[in-house]
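The values are calculated or read from the model by the stated rules, or taken from the named source; none is laboratory data. Predicted model, so just to flag it, every value in this text is computed and none were measured. Methodologically, a virtual Cβ is constructed for each residue, glycine included, from the backbone with ideal geometry; neighbour enumeration extends over all protein chains shown. SASA here: full protein model, heavy atoms, side chains in, ligands and nucleic acids out. Shrake-Rupley method; radii C 1.70, N 1.55, O 1.52, S 1.80 Å.
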Amino acid sequence: MLKELYIKNVAVIDEAVIDFEKGFNVLTGETGAGKSILIDSINMVIGSRSSKELVRTGAEKAMVSATFEAVSREVSEKLEELGVDSDDGEIIISRQISSEGKSVCRCNGIMLPLASIREIGELLVDIHGQHDNQKIMNKHNHRVYLDNYGRYDDCIAGYKELYGQYKEILSALQELNTDKEERERRLDLLEFQIKEIEAAQLKAGEDELLEERRTFLENAEKITSGVQNAYEELYGGEIQSAAFDLVMKAAKEIGAVREYDEKLGAYADRLDSAMAEIEDITSELKSYLDKTDYSQSELDETETRLNTIRTLKRKYGSTIEEINEYLEKIKAERDKFSSSEENIERLNVQKEETEIKLKAFAAALTEKRKAAAKRLEMGIMSELADLDMPNVKFVVSVEEAEYSNYGCDDIEFLISANPGETPKPMNKIASGGELSRIMLAIKSVMSDTDNSETMIFDEIDTGVSGRAAQKIAEKIAGFSGSCQVFAVTHLAQIAAMADAHFLIHKETRDEKTYTSVNKLDEHGRIEELGRIIGGVSVTETTLKSAAEMLEMANNIKTR
């Protein structure tokens, strides 16, 4: 339950500390006193979207802190999941909004994202206002109400999973069946590219070897001539003396005089080595010349092969490795396209099998919804009778519809306000007061599915008066037996049923507006009830009526 609410610099509220009670708490005050700001503050602290416009004029930031005690196990488990300690069963949630719009949220001192605060807040507080009347008029929400009441979540989850698989199969079939001509054109292109690349029989590093060979072939005559000339210079030709002969002659000359000087012996040895090296080189040059083979046709063939590789590189990759990788890729794509007919056949079989299962799941879900609809109809009509609407017939229509993510049921709430009339959609015939009571009846019937520990009704009594107002008052007060209840109201009947009554008052001091929230004692409650009943003029008779109303309410609560 909400134990304490602290508000600082929120709109016209300078600072307020409010200690709430168990049971039924009511908030009243003049129009424009700030009741909506109090609800905005609660919304703000439980993670609802809030604006920097809430920051009081002249203040740097607005801050709201809410203390909850005796929280449920579900709340404790959520806090544990978020890493927040709540061993004593009490939690404090705070939220701060700066004038620039920046928001900071904490739970028991731990900073949390706004989304996490919202998850906690949804378990703690359930706020119902006039907008809920609009929600119930929206047909799209009726399925949600019925499914929440029916509690067949496992059936819905099973259907959703199967429907998701069915949609995936349909999507895959559509992809394969559409643009068939485009797929065939693509397949022709792939086949052409594969044949072109495979025909080339590319080998890794082949292009580098070919470039080297082409360079040789283009310069083969120069190379051969140069090697031949070098050979003759080293080993002798027809005219000039050979380097080998000259070195040998020099070696003999030095050898003849080496005995006269030790240094000459070393020279002679080196000349002998030079002769051996020249002999080896000339032998290798002779072998090179004998093995050298080239022709113009080989150069033409090499150039042709390089042109083929260059063409493939331009189309499919900058290297032979990239071309081969592309080949594997398009072969896989070709195989995929080639097997498309087999895939279509396989998917059609899966589609038929899944459709059978889906129909069975949908039929089971429809039966559960129809059974829940009957129970919901009876429960709501019983509640409406208690709310002074005994002649209203409430019908939950469950009709066949196209398959969707939520089944194949078209669900709509219908009412007949008078006996003998055909039930029609609520948005066509229900008045504001009737919608308020229908909403309250739905909340009453579905209270077992609502796990919130605190329930807030924000002016749900709009369009209601007299006997109906008293019935609504008793119904709202009845909720307080299982959870903490708040009501913002303009009706004396509802205010009189409260266990704790808070007055929201606005005043102007020093050209500034201030709103205060005060808990009323019995005398204060009588005066406030008198104001609500009598309006501008509060007489002794009005106060006496207020006292009687308060006494009657106490008697009703103690029955």
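Kindly evaluate residue 66 against the criterion of being open to solvent by 60 Å² or more (accessible area, probe 1.4 Å) and either under 26 Å from residue 457 (Cβ atoms) or in a loop (DSSP other than H, G, I, E, B) (or both). Considered against the rule, which asks whether it is open to solvent by 60 Å² or more (accessible area, probe 1.4 Å) and either under 26 Å from residue 457 (Cβ atoms) or in a loop (DSSP other than H, G, I, E, B) (or both), residue 66 comes out as no.
Does residue 44 satisfy the criteria of being at pLDDT 90 or above, in a helix (DSSP H, G or I) and of a type outside the set (Phe, Trp, Tyr)? Answer is yes for this residue. The set of residues in region 373-405 that are open to solvent by less than 30 Å² (accessible area, probe 1.4 Å) and either under 19 Å from residue 156 (Cα atoms) or of a type in the set (S, T, N, Q) (or both) comprises 373, 376, 396, 397, 398.
Here's the yes/no breakdown for (1) under 30 Å from residue 446 (Cβ atoms); (2) of a type in the set (Ser, Thr, Tyr); (3) modelled with pLDDT of 90 or more:
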site: 486; (1), (2), (3): yes, no, yes
site: 492; (1), (2), (3): yes, no, yes
site: 496; (1), (2), (3): yes, no, yes
site: 501; (1), (2), (3): yes, no, yes
site: 506; (1), (2), (3): no, no, no
site: 533; (1), (2), (3): no, no, no
site: 544; (1), (2), (3): no, no, yes
site: 547; (1), (2), (3): no, no, yes
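Restricting attention to region 491-516, the residues that are under 25 Å from residue 437 (Cβ atoms), in contact with a strand residue (DSSP E or B) (Cβ under 7 Å, 6 or more places away or on another chain) and open to solvent by 30 Å² or more (accessible area, probe 1.4 Å) total 1. If a residue must be surrounded by 13 or more Cβ atoms within 10 Å (Cβ to Cβ) and part of a helix (DSSP H, G or I), how many such residues does region 532-549 contain? Total satisfying the criteria: 10. In this structure, does residue 17 turn out to be closer than 14 Å to residue 503 by Cα, modelled with pLDDT of 90 or more and buried (at least 20 other Cβ atoms within 10 Å of the Cβ)? No, not satisfied.
Identify, please: which residue in region 550-559 is closer than 16 Å to residue 493 by Cβ and free of Cβ contacts under 8 Å to residues at least 60 places away in the same chain and is, among those, surrounded by the fewest Cβ atoms within 10 Å (Cβ to Cβ)? Among them, the one singled out is 555. Checking the conditions here, which among 116, 86, 94 is assigned to a loop (DSSP other than H, G, I, E, B), surrounded by 16 or more Cβ atoms within 10 Å (Cβ to Cβ) and of a type outside the set (Phe, Trp, Tyr)? It is 86.
Residues are listed down the side, and each one gets a yes or a no for (1) open to solvent by 60 Å² or more (accessible area, probe 1.4 Å); (2) in contact (Cβ under 8 Å) with a residue 12 or more places away in the chain; (3) touching a Ser or Thr at 6+ places or on another chain (Cβ under 9 Å):
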{"site": "259", "(1), (2), (3)": "yes, no, no"}
{"site": "272", "(1), (2), (3)": "yes, yes, no"}
{"site": "275", "(1), (2), (3)": "no, yes, no"}
{"site": "279", "(1), (2), (3)": "yes, yes, no"}
{"site": "293", "(1), (2), (3)": "yes, no, no"}
{"site": "303", "(1), (2), (3)": "no, yes, no"}
{"site": "308", "(1), (2), (3)": "no, yes, no"}
{"site": "323", "(1), (2), (3)": "no, yes, no"}
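Taken residue by residue, region 127-144 has at least one member that is assigned to a helix (DSSP H, G or I) and modelled with pLDDT of 90 or more.
When residue 370 is tested against (1) closer than 20 Å to residue 439 by Cα; (2) touching a residue at least 24 places away in the same chain (Cβ under 8 Å); (3) open to solvent by 70 Å² or more (accessible area, probe 1.4 Å), exactly one condition is not met: (1).
Identify, please: which residue in region 17-36 is within 38 Å of the chain's Cα centre (by Cα) and of a type in the set (Gly, Ala, Ser) and is, among those, farthest from residue 513 (Cα to Cα)? Residue satisfying both the conditions and the ranking: 36. Among the residues of region 176-205, the ones that are farther than 12 Å from residue 337 by Cβ, within 35 Å of the chain's Cα centre (by Cα) and in a helix (DSSP H, G or I) come to 1 in all.
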